[in-house]
Amino acid sequence: MNQELPPKENNFLENYELQGEILNILTYPAPILKQIATPVEVFDAGLITLCKNMLFTMYNAPGIGLAAPQVGISKRIFVMDIDFDREEVIGPTGEEHYQYSDLNPKVFINPKIYNQSGEILYEEGCLSVPGVYEKVKRSEAISIDYLDMWGTPQTLATEGLFSVCLQHENDHLDGIVFLDRLSLIKKNLLAKKFLKKRKK
Ligand code: QAP
Ligand code: CO
């Protein structure tokens, strides 16, 4: 446990330098998206690199949440940022790139959701089902216990989009995609449409 941890102060999460590797995002119906992911037990430099690359992949997509199974890793980890902005800018030599602002990256490891209350209908999408959006019914407010990248226990009480996104990402750790939360009729219709479009 906790071997070889890079120093906290050289933390990419705080100095906003967006660097990393873009991981391949698997799309529905990849078998790993149906698996129950296993808890993280070792907090090491490799875990930090994975979290950083997941955040980089999420920002690049762009997305507001990404779970490890979506990049082919069946571990109980997801990353989220519902606050950031992205703007396309032209550099001095005419090349286009993105400029990010208001980054608020969060890493959730071995999360446990509790104190669910209320009901909210929110239109969701998923990086593993690109182009498909549908309203899903979730709890309006939840609490969550989790470990951060360094293995430190954290607790949050959330509502609204933050709460919806946490529930969506937590579902990925249990092999559930948002289509599974719809009526069978809607799910089949959207899945069929997605698979047909993807073949082209
Ligand atoms: C989950 O999803 C979420 O179809 C995160 O073409 C989404 O970041 C929770 C995305 C909404 C609550 C509300 C989807 C990007 C991003 C697409 C995402 C697409 C490109 C989805
Ligand atoms: Co998703």
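Among the residues of the range 109-141, those that are under 17 Å from the mean Cα position of the chain (by Cα), more than 10 Å from ligand 1 (Cβ to nearest atom) and among the aliphatic types (A, V, I, L, M) comprise Ile109, Ile113. Mind listing just one residue for me: the one in the range 168-197 that is within 19 Å of Gln35 (Cα to Cα) and of a type in the set (Lys, Arg) and, of those, farthest from ligand 1 (Cβ to nearest atom)? Among residues in the range 168-197 that are within 19 Å of Gln35 (Cα to Cα) and of a type in the set (Lys, Arg), the one farthest from ligand 1 (Cβ to nearest atom) is Lys187. All of Glu87, Glu41 fail the test of being farther than 20 Å from Asp174 by Cβ and among the acidic types (Asp, Glu), apart from Glu87.
Number of residues in the range 98-132 that are assigned to a strand (DSSP E or B), of a type outside the set (A, V, I, L, M) and open to solvent by 40 Å² or more (accessible area, probe 1.4 Å): the value is 12.
Would you confirm whether any residue within the range 144-163 is within 15 Å of Ser128 (Cα to Cα), within 16 Å of ligand 2 (Cβ to nearest atom), surrounded by 16 or more Cβ atoms within 10 Å (Cβ to Cβ) and touching a residue at least 12 places away in the same chain (Cβ under 8 Å)? So that I can check it myself, show each step before the final result.
First, pick out the residues of the range 144-163 that are within 15 Å of Ser128 (Cα to Cα): none.
No: zero hits.
Within the range 5-26, is there a residue that is within 16 Å of ligand 1 (Cβ to nearest atom), at pLDDT 95 or above, closer than 14 Å to Cys126 by Cβ and not in a helix (DSSP H, G or I)? Yes: one or more hits.
Just one of (1) aliphatic (A, V, I, L, M); (2) loosely packed, with under 14 Cβ neighbours inside 10 Å; (3) away from ligand 1 (no atom under 14 Å from the Cβ) fails for Ile48. It is (2). For the range 171-200, a residue qualifies if it is at negative phi and open to solvent by less than 20 Å² (accessible area, probe 1.4 Å), and the qualifying residues are Asp171, His172, Leu173, Val177, Phe178, Leu179, Leu190, Ala191, Phe194.
The values are calculated or read from the model by the stated rules, or taken from the named source; none is laboratory data. For clarity, every value in this text was computed on a predicted model and none was experimentally measured. With ideal geometry, Cβ positions are generated from the backbone for all residues, glycine too; neighbour counts draw on all protein chains shown. These area figures cover heavy atoms from the full protein model, side chains too; ligands, DNA and RNA do not enter into them. Shrake-Rupley method; radii C 1.70, N 1.55, O 1.52, S 1.80 Å.
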